[in-house]
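Here the structure comes first, spelled out in structure tokens, and everything after it is commentary.
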Amino acid sequence: MIEVKDLTKSYGNIRAVQDVSFEIRKGEVFGLLGPNGAGKTTIIKMLTTLSRPDAGRCMIDGFHVVEEPFEIKKRIGIVPQENNLDRELTAYENLLIYGMLHRVRDMKGEIRSALRMVDLWDRKDSLVSSFSGGMQRRLLLSRALLTVPSVLFLDEPSIGLDPQIRRQMWNVIRKTRIDGRTVVITTHYIEEAEALCDRVGILSKGKLIALDSPKNLKAMVGEYTAEFINNDGRLIQQVCRRREDALEMARGRDDGVTIRRSNLEDVFIKLTGERIE
Amino acid sequence: MNAFGWYPIFFREMLLFRRKLLRLGYLFSAMVVPIIYLIAFGFGLGRNVRIQETDYLSFLIPGLVAMSSMNNSYTWIASAFNLNRLYFKTFQVFVQAPISPSSIMVGEVLAGMVKGLFASSLIIVAGFLTSPHFSLTPIFITTLLLNCFLFANLGVITGMLAKSHEDTATYSNFFIMPMAFFSGTFFPVDKVPQLIKPIIYLMPLTHTNIVIRKAAMDQEGLISFAVLIICSIAFFVYGSRLIKNYTE
């Protein structure tokens, strides 16, 4: 479905993406997880024809992203990290123009169902400039779904949203995969990657350092984490394979040891020695 | 390939234009500069001046129409295109749609032409009201359309090349402003010192001003018309190429 091989991109002296390779299966929700500047958005921009790779190859549905961009553009929907809605147009007009650009057939019907999916049909005639941040993110998602794309790219879909709105957004994203659509998500929210993704690629400094299901990634480094403050006042997180190992680590420390299930941030810390921020 | 891929781009610009039109400030800003020139130069300084065997107002109004169409076709597109590309990111929506770069170019340029024609139509109305000799000839209308097309193309090029919104003002100060004053809008180019004449003839607006004042086509008019067509094609091709090679 999506094949990325040795993808590389530099901006001046900065290597944003270095020899990244992965494959995404049809119908899969695939996450790219990493801190800001890890190269997630650059990869999405290259896969969605917005940015040209320096080296490597990307294929979507058997079409070459650089050599056959028209075919790619017909098949993808994009929710960019930066809001690119027309703020001086209404929600309906934004979708109408997008639909015209992509030659949507049943325009009125598709716009109605796309806006209803994100609960914005009642605000269809309101200017986007009057929308809250969460409403604008939802509108971006409905615009991406308007063309019924076979691949949906979501670049930090819930960035800047409060937890309640974020969960609403996740529910909408979950709905989008019902008809077998492939979804590619970039995020630096651990919870988001764990809640939505079948598999996760972990990026650090432009390199793909791990790729597997969240469960397998956690199992790889240890399913339990013991957290405590050491004598220097630093937070120590020790990943353990078994709960008994974590309990053993906690023994003798009566000053607030927490033993919990590991998450993808623990995986990232274990692999890179850094936190996702 | 979609032959009407340009239409959504044009339609979007027209939706935005319609909203702007409803604001008094937009109408006023489109009219204010040429009307000031008309009053200051036409009715003030030029009251007792005769140029090319006609009264100054009859000479001035076609020049103001050309200048106004240039300013509005160019400025609105250069500014909006640059803002859409660098700040609002709406340009991404166009380049990620299955339409050709020339469709984006055509849609934006046609929108720029509408804005240029709208502003110049206000001067044309003022011309009919103030100058008894003013008339719309086929040469006048064709040249006006060509001028709008040319400068809307240049607007897209500036919008693509400018690295910040402030840069568009710099381009304007270096290219558009000198053209407005030295390309035959206010006085015939044969009054310009011989030394800078070659530069004046490099400016497209000079050729617009030559042709737009012709009652009938002569050799000079045909050469200037050819220059306008060549510049328009060159700017269109270059603008489309910039859009095609766009990468983030």
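The values are calculated or read from the model by the stated rules, or taken from the named source; none is laboratory data. Treat the numbers as computed from the prediction; the structure is a model and nothing was measured. A quick note on method: Cβ atoms are made from the backbone with ideal geometry, for glycine too, and the neighbour counts reach across all protein chains shown.
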Output yes when any residue across the range A:151-159 is of a type outside the set (Lys, Arg), assigned to a helix (DSSP H, G or I) and within 14 Å of another protein chain (Cβ to nearest Cβ), and no when none is.
no
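Can you pull out every residue in the range B:14-46 that is assigned to a helix (DSSP H, G or I), of a type in the set (A, V, I, L, M, F, W, C) and either within 12 Å of chain A (Cβ to nearest Cβ) or more than 27 Å from B:Phe59 (Cβ to Cβ) (or both)?
Within the range B:14-46, B:Met14, B:Leu15, B:Leu16, B:Phe17, B:Leu21, B:Leu24 qualify.
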Lone qualifier among A:Phe70, A:Phe63 - being within 8 Å of chain B (Cβ to nearest Cβ), under 29 Å from A:Glu23 (Cβ atoms), surrounded by fewer than 20 Cβ atoms within 10 Å (Cβ to Cβ) and of a type outside the set (D, E, K, R):
A:Phe70
Could you tell me which numbered condition A:Pro35 fails, if it satisfies all but one of (1) under 19 Å from A:Lys9 (Cβ atoms); (2) assigned to a loop (DSSP other than H, G, I, E, B); (3) within 14 Å of chain B (Cβ to nearest Cβ)?
(3)
Going through the range B:170-193 in order, the residues found to be closer than 22 Å to B:Ile35 by Cα and loosely packed, with under 15 Cβ neighbours inside 10 Å are B:Asn173, B:Met177, B:Pro178, B:Phe181, B:Pro188
Please note which strands (runs of 3 or more DSSP E) are completely contained in the range A:172-253 and include at least 3 residues that are without any contact (Cβ under 8 Å) to a residue 24 or more places away in the chain.
A:235-240
Could you check the range B:1-13 and list, in sequence order, the residues that are within 11 Å of chain A (Cβ to nearest Cβ) and either small (Gly, Ala, Ser) or surrounded by fewer than 13 Cβ atoms within 10 Å (Cβ to Cβ) (or both)?
B:Met1, B:Gly5
Residues located in the range B:61-93, provided they are over 16 Å from B:Ala162 (Cα atoms) and among the aliphatic types (A, V, I, L, M)
B:Ile61, B:Leu64, B:Val65, B:Ala66, B:Met67, B:Met70, B:Val93
Filter the range B:82-93 down to the residues that are facing another protein chain (nearest Cβ under 7 Å) and touching a helix residue (DSSP H, G or I) at 6+ places or on another chain (Cβ under 8 Å), then identify the one that is surrounded by the most Cβ atoms within 10 Å (Cβ to Cβ).
B:Val93
Pairs under 7 Å by beta carbon, first residue closer than 20 Å to A:Arg75 by Cβ in the range B:80-102, partner basic (Lys, Arg) and in a helix (DSSP H, G or I), six or more apart or different chains?
B:Gln96/A:Lys73; B:Ala97/A:Lys73; B:Pro98/A:Lys73; B:Pro98/A:Lys74; B:Pro101/B:Lys244
Residue set A:Ile111, A:Ile97; condition within 8 Å of chain B (Cβ to nearest Cβ), more than 24 Å from the chain's Cα centre (by Cα), over 23 Å from A:Pro163 (Cα atoms) and not small (Gly, Ala, Ser); output residue A:Ile97
If a residue must be out of contact with any Gly (no Cβ under 9 Å at 6 or more places or on another chain), touching a residue at least 12 places away in the same chain (Cβ under 8 Å) and either basic (Lys, Arg) or not in a strand (DSSP E or B) (or both), how many such residues does the range A:67-83 contain?
7
Say whether the condition of being among the β-branched types (Val, Ile, Thr), more than 15 Å from A:Val79 (Cα to Cα), in the same structural domain as A:His102 (by TED's automatic domain parsing) and surrounded by fewer than 19 Cβ atoms within 10 Å (Cβ to Cβ) is met by at least one residue in the range A:191-213.
yes
Taking interchain pairs and intrachain pairs at least six residues apart, which have beta carbon atoms under 8 angstrom, with the first residue in the range A:1-30 and in contact (Cβ under 8 Å) with a residue 24 or more places away in the chain and the second among the hydroxyl-bearing types (Ser, Thr, Tyr) and part of a loop (DSSP other than H, G, I, E, B)?
A:Lys9/A:Ser51
Quick count over the range A:263-277, residues being modelled with pLDDT of 80 or more, touching a Gly at 6+ places or on another chain (Cβ under 8 Å) and surrounded by fewer than 23 Cβ atoms within 10 Å (Cβ to Cβ), is 1
From the list B:Thr142, B:Thr170, B:Thr185, which one is of a type in the set (Ser, Thr, Tyr) and outside any helix (DSSP H, G or I)?
B:Thr185
Among (1) within 14 Å of chain B (Cβ to nearest Cβ); (2) buried (at least 16 other Cβ atoms within 10 Å of the Cβ); (3) not in a strand (DSSP E or B), which single condition is A:Arg105 missing?
(2)
Going by what's in this entry, would B:Ser164 be described as over 16 Å from the mean Cα position of the chain (by Cα), of a type in the set (Ser, Thr, Tyr) and either more than 19 Å from B:Gly107 (Cβ to Cβ) or surrounded by fewer than 21 Cβ atoms within 10 Å (Cβ to Cβ) (or both)?
yes
Output for the range A:39-56, where each listed residue is of a type in the set (A, V, I, L, M, F, W, C), touching a Leu at 6+ places or on another chain (Cβ under 9 Å) and at the interface with another protein chain (Cβ under 10 Å from one of its Cβ atoms)
A:Met46
In the range A:138-187, the residues that are of a type in the set (D, E, K, R) and within 11 Å of the chain's Cα centre (by Cα)
A:Asp155, A:Glu156
